[in-house]
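Take a look at the structure set out below.
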Amino acid sequence: MGCSDLPDYEVDSWNTLIDPAFNQEKVVKFYTDKVKKVPEGSKEEILIYAQLQKALKKAGNNKAVDGKSAMLQGYIVPIDTDADKVNKFLFFPTQAACIHVPASPANQTIYVECKNAEGVKLEDAYERVRVYGTLKLQETKIAMGTASFVIKDAIVRVVPTLN
């Protein structure tokens with residue numbers, strides 16, 4: 001532990017979770033360039049985005065991060081709540097990765113269980129949060145998506161917004 005009550009960490013980037021042999025930027029650019037050539041909202045655009053999702057799901061996991069301490073920022077989709085807190089959730093790098101749009105690739109999804117039920121207040125469930133904990137490479141499938149990683153006993157903090 002450093003000067004604060006938060007643990008030190010080795011992983012602080014979502015891209016670190018992706019197999020280093022997979023060139024995600026190149027894949028995204030390829031499909032982004034294709035989408036620019038078709039009408040917005042068209043069947044062609046929907047098909048291209050579906051192809052992008054399929055291509056991203058082929059990206060493997062970076063096995064080197066298994067067992068490493070992490071601090072990642074992102075957004076949650078609640079799984080388990082008590083009276084006023086979310087204690088279990090799926091964790092994603094972007095706010096758009098919710099139940100209303102195609103799921104993030106499994107290697108960009110983490111199943112999180114909070115330490116001592118010290119979860120996220122329900123009123124903060126749509127804010128950006130930081131999750132601290134140890135990454136475990138373990139596929140978890142639930143109705144809302146598939147996660148390639150698990151963090152148990154996580155410490156979660158809401159990221160302050162600057163006005």
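Within segment 100-114, can one find any residue that is in a strand (DSSP E or B), loosely packed, with under 14 Cβ neighbours inside 10 Å and not hydroxyl-bearing (Ser, Thr, Tyr)?
Our first condition is that a residue be in a strand (DSSP E or B); within segment 100-114, this holds for 110-114.
Next cut, loosely packed, with under 14 Cβ neighbours inside 10 Å only: none.
The answer is no; no qualifying residue exists.
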Filter segment 39-56 for residues that are surrounded by fewer than 15 Cβ atoms within 10 Å (Cβ to Cβ) and among the charged types (D, E, K, R); which is nearest to residue 22 (Cα to Cα)?
54
If we keep just the residues of segment 11-29 that are touching a residue at least 24 places away in the same chain (Cβ under 8 Å) and part of a helix (DSSP H, G or I), which is surrounded by the fewest Cβ atoms within 10 Å (Cβ to Cβ)?
28
Residue 33 is checked against (1) touching a residue at least 24 places away in the same chain (Cβ under 8 Å); (2) of a type in the set (Asp, Glu); (3) not in a loop (DSSP other than H, G, I, E, B) and fails just one. What number does that condition carry?
(1)
I'd like the full set of residues that are more than 26 Å from residue 56 (Cβ to Cβ) and not in a strand (DSSP E or B), limited to segment 142-160.
160
Kindly check whether there is at least one residue in segment 129-138 that is in a helix (DSSP H, G or I) and either buried (at least 19 other Cβ atoms within 10 Å of the Cβ) or modelled with pLDDT of 90 or more (or both).
no
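The values are calculated or read from the model by the stated rules, or taken from the named source; none is laboratory data. What you see is a predicted model, and the numbers here were worked out from it, not measured in a lab. All Cβ positions, glycine included, derive from the backbone under ideal geometry; neighbour counts span all protein chains shown.
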